[in-house]
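Please treat every number below as a calculation from the coordinates, not as lab data. As the structure is a prediction and not an experimental result, all values here were calculated from the model. Here Cβ is always computed from backbone atoms with ideal geometry, including for glycine, and neighbour counts include all displayed protein chains.
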Amino acid sequence: MNRHILHLDLDAFFVSVERVFNPQLRGKPVIVGGDPRGRGVVASASYEARTYGIRSAMPLAQAKKLCSHAVFIIARHARYQEFSEKVLNMLRRYAPVVEAASVDEFYLDMTGCDHLYGSIFAVATQIKADLRKKLGLPASIGLGSNKLIAKIAAALSKPEGLLWVFPGEEASILAPLPVAYLPGIGLHTQSRLQELGIRTIGELAQFPQPLLLTAFGKHGQQMNNRARGLCSRPVTEHREPKSLSREVTFNTDTIDPRTLEMVLCRLAEGVGYGIRRLGMAAGTVTIKLRYSDFQTISRSQSVPPTDDDVEIFQTAQALFKKAFSRRVRIRLLGVKLSNLLAKNPQGALFVPPEEIKKEQLHQSTDSIRERFGMEALHLGRALG
């Protein structure tokens with residue numbers, strides 16, 4: 001039986017979600033990331049903005065120079081996560097196994113589903129139509145015999161296209177493509193491959209394996225297999241995350257205690273909100289601190305399993321006071337939760353009244369944030 005793997009990639013996802021809430025952004029160059037006067041980077045750019053050479057991870061200041069009339073928007077990650085979950089729930093109605101590879105990329109194993117639907121291509125077309133109609137989101141879809149081929153097919157079909165690579169045609173599709181299309185090949189590896197005279201996937205597939213092993217070790221063998229369209233990785237359901245983190249790079253390095261406390265509190269709120277949405281609690285709190293000279297340190301502390309913003313903040317604050325031993329300005333601050341445990345959805349038999357009140361408070365505050373965004377509600381320490 002031929003495998004039918006579908007890769008769905010939401011086009012300019014963050015921008016697309018913002019356009020759902022503000023249709024006036026449609027047709028305009030839009031950049032999600034933050035204030036271009038700061039140090040942030042582009043998180044997502046509309047295709048109108050990309051025509052000016054703007055790409056993800058580009059400094060916002062540089063993006064502003066390339067397209068001065070672009071609309072810059074502060075990222076609202078809670079809102080994007082909510083839409084990602086809606087997409088995942090929709091896709092689960094079409095395929096027995098759905099893997100969320102990231103917030104905007106999904107794999108569906110449709111093997112055998114042609115007996116149910118009649119045409120996998122027709123199902124993919126319907127999925128695209130439903131995403132547009134029900135969620136307002138454009139997507140590109142690739143179909144192939146494995147995850148690698150499906151992912152590359154989706155990339156080739158952007159924006160908002162649909163490409164099916166039939167079994168047996170993988171090599172002819174891959175051969176003329178630049179090696180950058182293969183996952184796991186970054187700029188450094190591309191440069192080394194060019195030194196060997198390898199620029200296309202076809203050239204990589206035909207290059208002697210012993211030489212690749214000598215130059216790249218096991219990674220050379222993996223690249224050669226991928227260049228020949230080989231991939232045995234299965235589509236797997238969502239795995240519970242091992243950690244959850246948030247961090248902020250300051251527009252201007254700071255040593256101001258009130259600013260640092262405010263940001264630390266907001267980071268604690270962010271991870272607290274995120275872990276409650278996962279239905280989990282954390283057994284370890286970690287802070288990350290990077291100075292202006294790029295020296296980076298982290299400190300951790302085990303805690304009784306918690307999902308409470310205040311408890312997370314108090315632990316993070318104590319760790320920060322111990323860690324901040326240099327009188328040097330701070331460039332980055334982060335908070336991470338790890339050793340995550342699933343909470344019992346039915347709760348314990350005997351729950352202290354204060355815990356019940358805390359849970360009710362969480363439900364109320366999270367409901368407000370889900371509807372109006374994280375800026376709608378903050379702890380007092382987060383207001384500076």
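For the reader, a short list of remarks on this structure follows.
- At full extension, Gln314 and Val248 could sit 21.9 nm farther apart than now, given 0.36 nm per residue minus the alpha carbon distance.
- Label separation (Glu237 vs Ala342): 0.9 nm, computed from points 7 Å beyond Cα along the C-beta direction.
- All alpha carbon pair distances within the chain were sorted into 10 Å bins beginning at 0; the resulting P(r) in whole percents reads 5, 19, 25, 27, 18, 6, 1.
- About its Cα centre, the chain has a charge dipole of approximately 880 debye under the convention of +1 per Lys or Arg Cβ and -1 per Asp or Glu Cβ, with nothing else charged.
- The stretch 150-193: projected area of the alpha-carbon convex hull, averaged over directions, in nm²: 3.6 nm²
- Taking the Cα centre of the stretch 77-195 as reference, the dipole from Cβ charges on Lys and Arg (+1) and Asp and Glu (-1) amounts to some 380 debye.
- Distribution of pairwise C-alpha distances over the stretch 171-227, 10 Å bins, in %: 27, 65, 8
- With a cut-off of 15 Å on the backbone N, the residues of the stretch 23-62 near the modelled label site 7 Å out from Ala75 along Cα-Cβ are 31-36, 38-46, 55-61.
- Gyration tensor (alpha-carbon) shape descriptor, the stretch 27-125, a/c threshold 1.5: prolate
- Ser191-Gln62 pseudo-label distance in nm [points 7 Å out on the Cα-to-Cβ vector]: 1.4 nm
- Ranking Pro305, Ser325, Ile141 by Cα position along the charge dipole of the chain, where only Lys, Arg, Asp and Glu carry charges on their C-beta atoms, puts Ser325 farthest toward the positive end.
- A Förster distance of 51 Å, applied to the separation of the beta-carbon atoms of His362 and Gln206, puts the FRET efficiency at 0.30.
- 16 Å Cα-Cα reach of Lys134 towards lysines, excluding residues that sit fewer than 8 places from it in its own chain: Lys86
- Cut-off 14 Å, label 7 Å out along Cα→Cβ of Thr296, residues of the stretch 306-332 by amide N: 331-332
- Once both labels are positioned 7 Å from their Cα atoms along Cα-to-Cβ, the gap between Val97 and Ser172 label points is 2.9 nm.
- Gyration tensor (alpha-carbon) shape descriptor, the stretch 222-321, a/c threshold 1.5: oblate
- Positive contributions from Lys and Arg (+1) and negative ones from Asp and Glu (-1), summed over other residues with Cβ under 9 Å from the Cβ of Pro29, come out at +1.
- The stretch 230-322: GluC sites (Glu not before Pro) in DSSP loop, at most 16 other beta carbons within 10 Å: Glu237
- Cross-link reach is defined here as a Cα-Cα straight distance under 30 Å, omitting same-chain residues fewer than 8 places apart; for Lys322 the lysines meeting it are Lys242, Lys288, Lys336, Lys358.
- Mean residue ellipticity, 222 nm, helices only, the chain: the sum of -39500 (n - 2.57) across DSSP H runs of n ≥ 4, divided by residue count and rounded to 500, is -12000 deg cm²/dmol.
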